[in-house]
Amino acid sequence: MDDKSLEILEFPRIREILAGFTEFSASHELALEIQPLSDYEQISLLLRQSAEARRLLSLEPGFSIGTVFDIREAVALAARGKILEPQTLIEIRQTVAAMRQLRSTLGKLSERLPLLWNIADGIVEIHRLERDIAKCIAPTGELLDSASPTLAAVRQQWKEVHQQLLQSLEAIIRSPKRRRIIQEPFVTEREGRHVIPIKAEFRSQMKGIIHSVSNTGDTIFIEPWAAVQQGNTLRELAMEEAREIERILRDLSATVGIHQAELCHSTALVAELDLALAKARYAVKARASEPTLTIFSGEGEVAADEQPGIIRLVEARHPLLAGKAVPLNVEIGRDFSTLVITGPNTGGKTVALKTIGLLSLMTQAGMPIPAAEESRLPVFDGIFADIGDEQSIEQTLSSFSWHISNIMRIINGVTERSLVLLDELGTNTDPAEGSALARSILLYFLSRETMTVATTHFSDLKVFAHTTPGLQNASLDFNPVTLAPTYHLTIGVPSASNALATASRLGLPIKIINDAKGMLSKGAQEMETMIADLVSGKQAVETTRRDLERKRIEAEQRNTELETRLRLLKIEERKVIQETRDKVTREAAELQKEIRRAVSELRKEKSELALEQARKVLAAVPERLKSEIWQPKVDAETDEELIDESSIFVGDTVRLKEVDLQATVLSVSQETRQIEVRAGLTKLRLGLDAIEKVASPHGNTAPKFIPVRRQLSDHPVRAELDLRGKRAEEIEWLLDSYLNNASLANLSEVRIIHGFGTGTVRNIVRELLASHPLSKSFRPGEKGEGGDGVTVVKL
């Protein structure tokens, strides 16, 4: 595609909008690099993938590719032998897991989404890598003891030595001889070594290594000689732990590097899927859909109802104007290949031109467009635009020269399968010469059979389009009452430029407007009047057509309503007849019982005459039921019996009205209008009015309850924080971190131990608590709580 035209039509902004709907960096880059294509099959595939992605979002509105990172660079480094950081390995594990889940989900929907599944099917699942990383590295990035037996053993030994060291130092602190020289009775750390805070004036009375001095100089932090060897052992174990961690990370990184090809290929496939989903998300936001592609004649088979190479945009909106765009309806290529659009200034001609071009570019980039689904667009081998005005003083280009250079660029690249968009053709020069040049340029593109759309204000160009086969006028309508543009495009009629009306609407003094009208030639005024009358007449015809269409729709709706009412009346009539028949049947049953009793008595009396009379009475009721009045009505057109829509079939569940009992249908007789059912172990035969159908429960599936698991910390938060021996610059971070953890652990009150000392730590703590959002109130500790060496905080 022509890069200059892509810029003129603002296609880079469409890329940016699409990129905003992606979910990870690789697909974001794909969106920013998307290009309009010219291969029919490839464009068709991309549009069908986009349609499937829209279907997926309708099936699962919250669907996402999951936590996926662009791991390709890290994987390449691992393949070259670099040891990856734990956090990078965690991202690789999360990505591999998300890929596996994505492939599984689309696999379940493969029959409904075959194109998306074709992409997802290529994702390689690497279960072992996922398990190995999860086994070795915690989500926080810490190496787990389960990573290797050696690491677990070293850490266990470190804990034991550390405990012994603390016990040795605490024994020194508790020693009566040492109590006088110790500043605070606790063990702290300096430069990775365990030390005891000693008063500065007694430093000579504690043999050991000085590692630090407090800010005030009053406290010396000394590692006693007795603890040096244990401290060295701890340091050695820590180094051994670091070496083992490095070995584990090296092994994991090497495993990642082995799978470089699979991981990079799978990441690219996920990016492709996310790009299709980004198009679908854009379609939802912009109310867009995928248009139907058409082809130019000679390129392939064309459907019987379709003419090749046609632009048909229905309710099309400029994608950069959001909700402000007036829908555009236009068709080019059926009876003409060149459309000349006229209309008032600021009437929307350039917007219409850009809408046609930009939607064509979006279609050929495989994107849905903000237009109705009936829209059709051909596949162009090039889309060229000359829109706007870019003068260049440095290159000594005037506006006219700039336009001519654009047209030369277009002429050199255009074919019969191209689309050309020309704005204000022939302007910025002498009107007579400009008009002649514009007509000649349009004839050139017409001779090349190149689809062309141009805008103009030249009156003779409107006449030229009206009289030249292959060209057609179109106008953007102007409201003669309000003197404002309507932005509605009408094909077949040119429009007056309405320059004077537009100038008046924009506030130009009326005297200037009237003087300008007086300077117009009589022919020009008559032409403008004739065009205005044509537009008004066409608008009147269009209004009449819309009224007739509205009345036709209303008549169809009334007919549908009447047919529905008639059908309901017939069903009601049949229901009344059935109820009456059932009533007579019940009466006949009672009569049969009476007759049987009478027969029994007659047999005792041995009277044949009386017996014959009883039999006649018994037979009267069935004969009556066979009469025409009790037969079901038949539709005169279909010769079918009228039945209720909720027909009952064998296997349905019904409720027996009189006893409120459910039963299963065994058989249904259309002749007698009776039904046989089974209720438990009992079979019954009833009339249809004695039962009612029970709705099937299959559609009401109870929602699944998915429990939410909460990961509890292995280290519960204590109700106190010991800050004794800490540097001033450490206090704020330690206190803030502790208060956050205590709040999350639902502690309502905590103790901050800062000791007495010089009061520096106490003052820092209380200043921070005074403004901390988690601190409700605080107070010094009471006598049994540590006195002023402790601050009690309510959260």
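Output the number of residues of the stretch 142-189 satisfying the condition of being assigned to a helix (DSSP H, G or I) and touching a His at 6+ places or on another chain (Cβ under 8 Å).
The total comes to 3.
How do the pairs read when you match residues in the stretch 205-225 that are more than 22 Å from L723 (Cα to Cα) and modelled with pLDDT under 85 with residues anywhere that are assigned to a loop (DSSP other than H, G, I, E, B) and of a type in the set (V, I, T), using Cβ under 7 Å and keeping only pairs 6 or more apart or on different chains?
Note: pairs meeting the criteria are Q205/I181; M206/I181.
State which residue is farthest from the chain's Cα centre (by Cα) when the search covers only the stretch 61-100 and only residues that are β-branched (V, I, T) and open to solvent by less than 20 Å² (accessible area, probe 1.4 Å).
So the first thing to find is which residues in the stretch 61-100 are β-branched (V, I, T), and the list is 65, 67-68, 71, 75, 83, 88, 90, 92, 95-96.
Retained after the next criterion (residues that are open to solvent by less than 20 Å² (accessible area, probe 1.4 Å)): 65, 68, 71, 75, 90, 92, 95-96.
Numbers: I65: 11, V68: 16, I71: 24, V75: 29, I90: 27, I92: 25, T95: 20, V96: 22 Å.
Here the answer is V75.
Consider S212 against the criteria (1) in a helix (DSSP H, G or I); (2) in contact with a Phe, Trp or Tyr (Cβ under 9 Å, 6 or more places away or on another chain); (3) hydroxyl-bearing (S, T, Y): it satisfies all of them except one. Which criterion is unmet?
(1)
Looking only at the stretch 38-49, count every residue that is part of a helix (DSSP H, G or I), more than 24 Å from C264 (Cβ to Cβ) and open to solvent by 50 Å² or more (accessible area, probe 1.4 Å) and tell me the total. Lay out the reasoning, then the answer.
We begin by selecting, within the stretch 38-49, every residue part of a helix (DSSP H, G or I); these are 40-49.
Still in the list and also more than 24 Å from C264 (Cβ to Cβ): 40-41, 43-44, 47-48.
Right, trim to open to solvent by 50 Å² or more (accessible area, probe 1.4 Å) and you get 40-41, 48.
Qualifying residue count, the stretch 38-49: 3.
Sort through E542, E528 and tell me the only one that's more than 30 Å from A690 (Cβ to Cβ), modelled with pLDDT of 70 or more and surrounded by 12 or more Cβ atoms within 10 Å (Cβ to Cβ). Working first, answer last.
Details: E528 fails: modelled with pLDDT of 70 or more.
Of E542, E528, the one residue that is more than 30 Å from A690 (Cβ to Cβ), modelled with pLDDT of 70 or more and surrounded by 12 or more Cβ atoms within 10 Å (Cβ to Cβ) is E542.
For G192, work out the one condition from (1) modelled with pLDDT under 85; (2) closer than 17 Å to T758 by Cα it doesn't fulfil.
(2)
Would you point out the residue of the stretch 436-475, among those that are β-branched (V, I, T) and over 46 Å from the mean Cα position of the chain (by Cα), that is most open to solvent (accessible area, probe 1.4 Å)?
Just the residues of the stretch 436-475 that are β-branched (V, I, T), to begin with: 441, 450, 452-453, 455-456, 463, 467-468.
Those left that are additionally over 46 Å from the mean Cα position of the chain (by Cα): 463, 467-468.
Working: V463: 70, T467: 93, T468: 24 Å².
My answer is T467.
Within the set of pairs 6+ apart or on separate chains, which have a first residue in the stretch 372-387 that is of a type in the set (K, R), a second that is open to solvent by less than 10 Å² (accessible area, probe 1.4 Å) and assigned to a strand (DSSP E or B), and C-beta atoms under 7 Å apart?
Sorted first by the residue in the stretch 372-387, then by its partner, the pairs are R376/T294.
Name the single residue, out of those in the stretch 50-85 being part of a loop (DSSP other than H, G, I, E, B) and of a type in the set (G, A, S), that is farthest from L273 (Cα to Cα). If you could, list the steps in order and put the result at the bottom.
Step one: of the stretch 50-85, the residues part of a loop (DSSP other than H, G, I, E, B) are 60-71, 80-85.
Checking which are of a type in the set (G, A, S) leaves us with 62, 64, 66, 81.
On the way: G62: 15, S64: 10, G66: 12, G81: 31 Å.
Applying the filter and picking the extreme gives G81.
Starting from the stretch 11-33, keep only residues that are charged (D, E, K, R), then list their pairs with residues that are outside any helix (DSSP H, G or I) whose Cβ atoms are within a distance under 8 Å, requiring at least 6 positions of separation or different chains.
R13/L320; R15/E33; R15/I34; E23/S64; E23/I65; E23/V68
Is it fair to say R103 is crowded, with 16+ Cβ neighbours inside 10 Å and at negative phi?
So R103 fits the description; yes.
Are any residues in the stretch 769-795 surrounded by fewer than 17 Cβ atoms within 10 Å (Cβ to Cβ) and in a helix (DSSP H, G or I), and if so, which ones?
Residues satisfying the conditions are A770, S771, K783, G784, E785, G787, D788.
Open to solvent by 10 Å² or more (accessible area, probe 1.4 Å) and within 25 Å of Y282 (Cα to Cα): which single residue out of E424, E374, E416, E433 fits that description?
Checking each option against the conditions leaves just E374.
Can you name the residue in the stretch 1-37 that is more than 21 Å from the chain's Cα centre (by Cα) and not in a loop (DSSP other than H, G, I, E, B) and, of all such residues, is surrounded by the fewest Cβ atoms within 10 Å (Cβ to Cβ)?
D3
Limited to the stretch 91-147, what total is found for residues that are touching a Lys or Arg at 6+ places or on another chain (Cβ under 8 Å) and in contact (Cβ under 8 Å) with a residue 40 or more places away in the chain?
10
Can you pull out the residues in the stretch 227-236 that are out of contact with any His (no Cβ under 8 Å at 6 or more places or on another chain) and either under 14 Å from L89 (Cβ atoms) or open to solvent by less than 70 Å² (accessible area, probe 1.4 Å) (or both)?
Once the filter is applied, which keeps residues that are out of contact with any His (no Cβ under 8 Å at 6 or more places or on another chain) and either under 14 Å from L89 (Cβ atoms) or open to solvent by less than 70 Å² (accessible area, probe 1.4 Å) (or both), the stretch 227-236 yields V228, Q230, N232, T233.
Does the stretch 237-248 contain at least one residue that is open to solvent by 80 Å² or more (accessible area, probe 1.4 Å) and small (G, A, S)? I'd like the intermediate steps shown before the answer.
Initially, the stretch 237-248 is screened for residues open to solvent by 80 Å² or more (accessible area, probe 1.4 Å), giving 239, 243, 246-247.
Of the ones still in play, those that are also small (G, A, S) are none.
No - not one qualifying residue is present in the stretch 237-248.
Which residue, of R581, R558, is basic (K, R), assigned to a helix (DSSP H, G or I), at pLDDT 75 or above and on the phi < 0 side of the Ramachandran plot?
R558
Could you tell me whether D515 is modelled with pLDDT of 65 or more, surrounded by fewer than 17 Cβ atoms within 10 Å (Cβ to Cβ), closer than 18 Å to S435 by Cα and among the charged types (D, E, K, R)?
No; evaluated as a whole, the condition is false for this residue.
The values are calculated or read from the model by the stated rules, or taken from the named source; none is laboratory data. Please read all numbers here as calculations on a predicted model, not as lab measurements. For neighbour counting, all protein chains shown are included, and Cβ atoms are generated from backbone atoms with ideal geometry for every residue, glycine included. Quick note on the areas: whole protein, heavy atoms, side chains included, nothing else; ligands and nucleic acids left out. Shrake-Rupley method; radii C 1.70, N 1.55, O 1.52, S 1.80 Å.
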